[in-house]
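Presented below is the structure to which this report refers.
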Amino acid sequence: MKNKIIENFPVFSKLDIKKCTEELRNKLGKNKKLINKLLNDNNDTWDKLINPLEKMQYELDCLWSTISHLHSVCINDDLRAVYKDILPEISEYYSELGQNKKLYEAFKYILGNKEQEILSQEKTQYLKNEIRDFKLAGVDLPEQQKNEFTRIQIKLSELSNKFKENVLDATQKWNILIDNKEQLAGLPERTLQEAQQFAKEDNKKGYLFNLDYSSYIPIIRFAKDRNLREKIYHAYSTRASSLSYFENKYDNSKIIEEILINRQEIAKLLEFNNYAEYSLQTKMCPSTQAVLHFLNKLLDKSKNQAKQEFQELVEFAKTDGIEDFSPWDIEYYREKYKLTYFNISQEQIREYFPIQQVIQGLFQIVNKLFGLTIVELKKDIWHDDVKVFAINDFEKNRGYIYFDLYTRKNKQGGAWMDECRTRFQISNDTLTSPIAYLTCNFTPPINEIGSLLTHDEVITLFHEFGHCLHHILTKSTVLGVSGVNGVPWDAVELPSQLLENWCWNYDSLSICSKHYQTGDKLPKQVFDKLLLTKNYHSAIKMLRQLEFALFDFEIHLVSQPMISDYVQDILDKIRSRTSMYSIPPYNKFQNSFSHIFAGGYAAGYYSYKWAEVLSCDAFSKFDQEGILNAEVGLLFMENILEKGGTEDIGKLFKIFRGRDPIVEPLLKQSGICSVSE
């Protein structure tokens, strides 16, 4: 029987947030009643128990994903209040669900009862994951400890939300108005135009900057005025701390301590030595020792080269009379060095990457690799800048993606992919269509020129689109392992990091380029210069990522109670190994580290490097057999993208690559293959 496809798009223009909250509360109540009924009626087969539960979960996901997404991309006071109000109830619901002993026993029975039902691979994997997650949710705890576990989970959700709100407010509410254009010497004209536009929107004259990436980076990278660079560095590195302009108003210091204390309590309740051990239960990496060994091995391989790279930069700055080389000088002289010795900069090549051409080129590359065609649709959206695209495979639709690419007020910074809808067999003859959100914060179009991307931003777009493909192309019909669901956290970056590689190949990158005035492709000689910069200071960049990863992991390894300045002490010790220069004591980077305190990367930031081993090794197959080789693309699509979380990712990778992953391609692509302590 042919499946009917449901395209369940949200209707943003008619969305009543308060009514959505009422619907959510009603849905939570109905779900609880349904669960009790299913269990009381002794339903003990996949069709009688799991299918109704999955449908129930899908409907709840649809309601919650809409509110949580809007909370990230167009937050206002009403939405903030509603989100804060409903969040504890959502957290409590999932805690109670994860601790339902009868449901847990029913799942175990269905998995183990081979005589009653032969389960498919995806159903088996789903049940194994759920049984594991029941245990991690405290299903085996005594009642009093279950209540304590639920209380902690609710508290953590509130703390993480407050952390995120503080970062957003501290970032966007700090600003600096400059009316003397000479003080902005060195900044790209497009940045000046954007700053003028921001000032105009705020009824001011001059150039207005805040701490959004699109404001911060141009100043720290291009401003000749060293005092201005230092000023914005200070503001950026003290965000959401008591040392900021706002003092204690948006300070995340105590929130960080509370988050870590509560995470320790969760680990303790479940008899793990620390939260890092708890976190690894859902990841590929087998142990905390394995994570530390992996990170320290990369550190050892990179450190000597990083020292050489940094000294080179210090000596270069001395030619400008800079004897006290400081953190606010690093990006400026890195960019100046590239311009001096490679005769290229990000701003120079921006003119070759109008965003529409980049998107069109991305779609062409995806077509060549995976046989997909992508077309724009008219759908209801939450902002005029948003576009919607259909992903088709030989005229058969595979799913949809919302593109929300530009920075604006009341939008969370950064770039990410999120689930809007997940592919799911909602009934015997009906499938739901997967939909993804792709969110970035690029400079918005200015005048008639439109938005022009740096090469770094092109890479970001490819990265997030890789996540979208992973979610959209799934062939699973089981909600819990469909798309990115059920994929181990330290493997979920594999498709996204893999797709970045096509930004470093001329045949593919040229497809994405078209000079906004002349229409010319990026010249090969310009690309060759760009390629020379690929591994420029790659060891320093490696150490920076290792600093983040080690900090995240080590603060979650501790099992004793919090002590004063514990977080800063850990960070300082790690920096003594990873940093080539002295960090000012006022630098409170941790206070805006949303990945681990307001995202899903707690004790898992190492995943970026772990998955990069997989992605570099996977790309080496394309490198060997053809950068746009459709056969290799199809092999990757069939074994990675379409499988979602239905099978062990290690086994799937081995099928694609023909062997287990090795670290050498990562080191080689980073230009640090043979350098070690």
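Among the conditions (1) free of Cβ contacts under 8 Å to residues at least 24 places away in the same chain; (2) surrounded by fewer than 18 Cβ atoms within 10 Å (Cβ to Cβ), the only one that residue 515 does not satisfy is (1). Inside the range 183-200, residues that are among the small types (Gly, Ala, Ser), in a helix (DSSP H, G or I) and surrounded by fewer than 20 Cβ atoms within 10 Å (Cβ to Cβ) make up a count of 1.
Does residue 350 satisfy the criteria of being within 27 Å of residue 538 (Cα to Cα) and buried (at least 19 other Cβ atoms within 10 Å of the Cβ)? The answer is yes for residue 350.
Look at residue 618 and say whether it is in contact with a His (Cβ under 6 Å, 6 or more places away or on another chain) and either outside any helix (DSSP H, G or I) or in contact (Cβ under 8 Å) with a residue 40 or more places away in the chain (or both). Answer is no for this residue. One residue stands out in the range 426-447 among those that are surrounded by 17 or more Cβ atoms within 10 Å (Cβ to Cβ) and over 22 Å from residue 463 (Cα atoms): the one that is modelled with the lowest pLDDT, namely 446.
Quick check on the range 143-153. Is at least one of its residues more than 30 Å from residue 206 (Cβ to Cβ), of a type in the set (Val, Ile, Thr) and modelled with pLDDT under 95? Checked the range 143-153: no residue is more than 30 Å from residue 206 (Cβ to Cβ), of a type in the set (Val, Ile, Thr) and modelled with pLDDT under 95. The criterion of at least 1 residues that are at positive phi is met by the following strands (runs of 3 or more DSSP E) wholly inside the range 364-467: 396-406. For residue 645, the conditions (1) small (Gly, Ala, Ser); (2) more than 27 Å from residue 539 (Cα to Cα); (3) in contact with a Phe, Trp or Tyr (Cβ under 7 Å, 6 or more places away or on another chain) all hold with the exception of (3). Could we say that residue 262 is surrounded by 21 or more Cβ atoms within 10 Å (Cβ to Cβ), farther than 30 Å from residue 193 by Cα and in contact with a Lys or Arg (Cβ under 9 Å, 6 or more places away or on another chain) here? Criteria not met by residue 262. Mind counting the residues in the range 168-200 that are of a type in the set (S, T, N, Q) and touching a Lys or Arg at 6+ places or on another chain (Cβ under 7 Å)? Residues that pass the stated criteria total 2.
Annotation note: of 304, 262, 296, 274, the sole residue that is touching a His at 6+ places or on another chain (Cβ under 8 Å) and polar (S, T, N, Q) is 274. Of all residues in the range 127-149, those that are within 21 Å of residue 50 (Cβ to Cβ) have Cβ atoms under 6 Å from Cβ atoms of residues that are aliphatic (A, V, I, L, M) and surrounded by 17 or more Cβ atoms within 10 Å (Cβ to Cβ), 6 or more apart or on another chain, in 127/111.
Scanning the range 206-231 for residues that are in a helix (DSSP H, G or I), within 21 Å of residue 587 (Cβ to Cβ) and of a type outside the set (D, E, K, R) yields a total of 9. Restricting the range 328-350 to residues that are part of a helix (DSSP H, G or I) and of a type in the set (A, V, I, L, M) leaves a set whose member that is modelled with the highest pLDDT is 330. Within the range 302-312, is even one residue part of a loop (DSSP other than H, G, I, E, B), out of contact with any Gly (no Cβ under 9 Å at 6 or more places or on another chain) and of a type in the set (Asp, Glu)? The answer is no; no qualifying residue exists.
Matching residues to (1) touching a residue at least 40 places away in the same chain (Cβ under 8 Å); (2) under 16 Å from residue 382 (Cβ atoms); (3) not basic (Lys, Arg):
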{"site": "11", "(1), (2), (3)": "yes, yes, yes"}
{"site": "25", "(1), (2), (3)": "yes, no, no"}
{"site": "50", "(1), (2), (3)": "yes, no, yes"}
{"site": "60", "(1), (2), (3)": "no, no, yes"}
{"site": "65", "(1), (2), (3)": "yes, yes, yes"}
{"site": "71", "(1), (2), (3)": "no, yes, yes"}
{"site": "89", "(1), (2), (3)": "yes, no, yes"}
{"site": "96", "(1), (2), (3)": "yes, no, yes"}
{"site": "113", "(1), (2), (3)": "yes, no, yes"}
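Answer yes or no as to whether residue 54 is modelled with pLDDT of 90 or more, farther than 13 Å from residue 93 by Cβ and exposed (fewer than 13 other Cβ atoms within 10 Å of the Cβ). No: the conditions fail for residue 54.
Looking at 596, 570, 640, 655, just one residue is part of a helix (DSSP H, G or I), touching a His at 6+ places or on another chain (Cβ under 8 Å), among the aliphatic types (A, V, I, L, M) and touching a residue at least 12 places away in the same chain (Cβ under 8 Å), and that residue is 640. Of the set (1) within 27 Å of residue 336 (Cβ to Cβ); (2) assigned to a loop (DSSP other than H, G, I, E, B), all apply to residue 203 but (1).
If the requirement is being surrounded by 15 or more Cβ atoms within 10 Å (Cβ to Cβ), touching a His at 6+ places or on another chain (Cβ under 9 Å) and modelled with pLDDT of 95 or more, which of these qualifies: 82, 73? Within the list 82, 73, the selection yields 73. In the range 261-271, the qualifying residues are those that are part of a helix (DSSP H, G or I) and in contact with a Phe, Trp or Tyr (Cβ under 8 Å, 6 or more places away or on another chain), and the one that is farthest from residue 601 (Cα to Cα) is 269.
No other residue among 122, 105 is among the charged types (D, E, K, R) and within 23 Å of residue 482 (Cβ to Cβ) apart from 122. Scanning the range 573-593 for residues that are polar (S, T, N, Q), buried (at least 16 other Cβ atoms within 10 Å of the Cβ) and either assigned to a loop (DSSP other than H, G, I, E, B) or touching a strand residue (DSSP E or B) at 6+ places or on another chain (Cβ under 6 Å) (or both) returns 579, 587.
Close contacts from the range 335-351, counting a first residue that is without any contact (Cβ under 8 Å) to a residue 24 or more places away in the chain and not assigned by TED's automatic domain parsing to the domain that holds residue 186 and a second that is part of a loop (DSSP other than H, G, I, E, B) and surrounded by 17 or more Cβ atoms within 10 Å (Cβ to Cβ), with Cβ to Cβ under 8 Å and a gap of 6+ residues or different chains, come to 339/345.
Within the range 286-294, does at least one residue satisfy the condition of being crowded, with 16+ Cβ neighbours inside 10 Å, more than 24 Å from the chain's Cα centre (by Cα) and either among the polar types (S, T, N, Q) or part of a helix (DSSP H, G or I) (or both)? No; the residues of the range 286-294 include none that is crowded, with 16+ Cβ neighbours inside 10 Å, more than 24 Å from the chain's Cα centre (by Cα) and either among the polar types (S, T, N, Q) or part of a helix (DSSP H, G or I) (or both). If the condition is being out of contact with any Asp or Glu (no Cβ under 7 Å at 6 or more places or on another chain), touching a residue at least 24 places away in the same chain (Cβ under 8 Å) and surrounded by 18 or more Cβ atoms within 10 Å (Cβ to Cβ), then the range 266-285 contributes 266, 270, 274, 275, 276, 278, 279, 280. Among the residues of the range 232-260, the one identified as in a helix (DSSP H, G or I) and out of contact with any helix residue (DSSP H, G or I) (no Cβ under 9 Å at 6 or more places or on another chain) is 254.
Within the option set 522, 499, 509, 532, being modelled with pLDDT of 95 or more and within 27 Å of residue 299 (Cα to Cα) holds for one residue only, 499.
The values are calculated or read from the model by the stated rules, or taken from the named source; none is laboratory data. Bear in mind the structure is a predicted one, so any value in this text is a computation, not a measurement. Cβ: placed from backbone, ideal geometry, glycine included. Neighbour counts: every protein chain shown.
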